[in-house]
2 protein chains.
Amino acid sequence: MIQIYTGNGKGKTTAALGLALRSLGSGKKVCLIQFMKKNFLYGEIKSLRNFENIDIFQFGTAELVDPNNPRKIDFEEAKKALKKSSEVIQSQKYDLIILDEINVAVEWNLISLEDQLQIFQITTAAEIVMTGRYARQEVLEKADLVTEMKEIKHYYQKGIPVRKGIEF
Amino acid sequence: MIQIYTGNGKGKTTAALGLALRSLGSGKKVCLIQFMKKNFLYGEIKSLRNFENIDIFQFGTAELVDPNNPRKIDFEEAKKALKKSSEVIQSQKYDLIILDEINVAVEWNLISLEDQLQIFQITTAAEIVMTGRYARQEVLEKADLVTEMKEIKHYYQKGIPVRKGIEF
């Protein structure tokens, strides 16, 4: 089954990570594929590396993608992330597969909507989680579970900067 | 600062757990207090026990609370959870404190709205996360960050039962 966490509120990637934690505790095998997050030293990645039953693949570069002017390498990395996603799902080795920020990669045209929809065609018993703002209507329609994380209030509005251990 | 994850969609507790994972990876000290979840062998609890820098306190009983007919012990356990929450925040020992399902405890009158609002009065540098449906308007107003997890679609609607490693 395919779960989508989308919307403009805080909690999409963390919800997927919490699910990873839960699955790992139940003895399941987890794969985390991060689109556009390579070389970031996220606290959560450090924590997850303590577990044997998880494989983590990061794509992208250390620099943030400029959605109005993506570089050649941004396209290449997103395509690599997509290819790895297909391979991982087809391997049938995992119970839970998280495709972190794939929705944003589509919105920014680093990969196409058709690319994302093709993932739904792969036969697998794995639970697949797709995160990121901007999930397309076609994706929502095909998914089995969709939660919209809706920002009601955010401390960014008060000028609070991103904080280590909370935002990354 | 106080973060609230509420709404009827999947992802509230898991978002808090993902945040715990992130904070632990950044060397921070975490406390998880679960209202109404005692004796449940959740996968996530098993995973979190691998970390040294987290303390976990569960309250409630092994049986689900009947919101229309709560037992004496349900009130007692919720009050204990509330007391522990205050103590833990006042101890200044933690960087992140998660009060899991506290919003539901208020909705079901196991503790009062005033009890929950008093937590906002405690002076602390810790990040506090409150989860659960039904967060009251007064709580949302006082919080620094609020995400509503909105159910757009859920596989329960298709008759899929709860699954180990995914729902618990």
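The values are calculated or read from the model by the stated rules, or taken from the named source; none is laboratory data. As the structure is a prediction and not an experimental result, all values here were calculated from the model. Because the Cβ atoms are built from the backbone with ideal geometry, glycine has one as well, and the counts that use them run over all protein chains shown. For accessibility, only protein heavy atoms count, side chains too; no ligands or nucleic acids. Shrake-Rupley method; radii C 1.70, N 1.55, O 1.52, S 1.80 Å.
Values as computed for the structure displayed
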item	result
Selection count, the stretch A:141-157, where residues are of a type outside the set (S, T, N, Q), within 25 Å of residue B:145 (Cβ to Cβ) and either in contact with a Ser or Thr (Cβ under 6 Å, 6 or more places away or on another chain) or open to solvent by 10 Å² or more (accessible area, probe 1.4 Å) (or both)	8
Inter-residue pairs, beta-carbon under 7 Å, first under 14 Å from residue B:99 (Cα atoms) and in the stretch B:39-58, second part of a helix (DSSP H, G or I) and at pLDDT below 95, 6+ apart	B:56/B:45
Qualifying residue in the stretch A:107-122 (condition: under 27 Å from residue B:25 (Cα atoms) and either under 17 Å from the mean Cα position of the chain (by Cα) or open to solvent by 70 Å² or more (accessible area, probe 1.4 Å) (or both))	no
Test: residue in the stretch A:63-82 that is closer than 28 Å to residue A:123 by Cβ and basic (Lys, Arg)	yes
Single residue of A:99, A:113 found to be within 16 Å of residue A:16 (Cα to Cα) and away from every other protein chain (no Cβ under 11 Å)	A:99
For residue A:160: the one exception among (1) surrounded by fewer than 18 Cβ atoms within 10 Å (Cβ to Cβ); (2) touching a helix residue (DSSP H, G or I) at 6+ places or on another chain (Cβ under 6 Å); (3) of a type in the set (A, V, I, L, M, F, W, C)	(2)
Residue that is nearest to the other protein chains (Cβ to nearest Cβ), among those in the stretch A:123-143 that are in contact with an Asp or Glu (Cβ under 9 Å, 6 or more places away or on another chain) and not hydrophobic (A, V, I, L, M, F, W, C)	A:127
Residue check for residue B:45: in a helix (DSSP H, G or I) and open to solvent by less than 20 Å² (accessible area, probe 1.4 Å)	yes
Search result, residues across the stretch A:123-137 that are part of a loop (DSSP other than H, G, I, E, B), open to solvent by less than 50 Å² (accessible area, probe 1.4 Å) and aliphatic (A, V, I, L, M)	A:126, A:135
The stretch B:24-42 - residue that is hydrophobic (A, V, I, L, M, F, W, C) and open to solvent by less than 30 Å² (accessible area, probe 1.4 Å) and, of those, nearest to residue A:165 (Cα to Cα)	B:24
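Yes/no per residue for (1) assigned to a loop (DSSP other than H, G, I, E, B); (2) of a type in the set (Ser, Thr, Tyr):
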| position | (1), (2) |
| --- | --- |
| A:74 | no, no |
| A:89 | no, no |
| A:94 | yes, yes |
| A:117 | no, no |
| A:139 | no, no |
| A:152 | no, no |
| A:165 | yes, no |
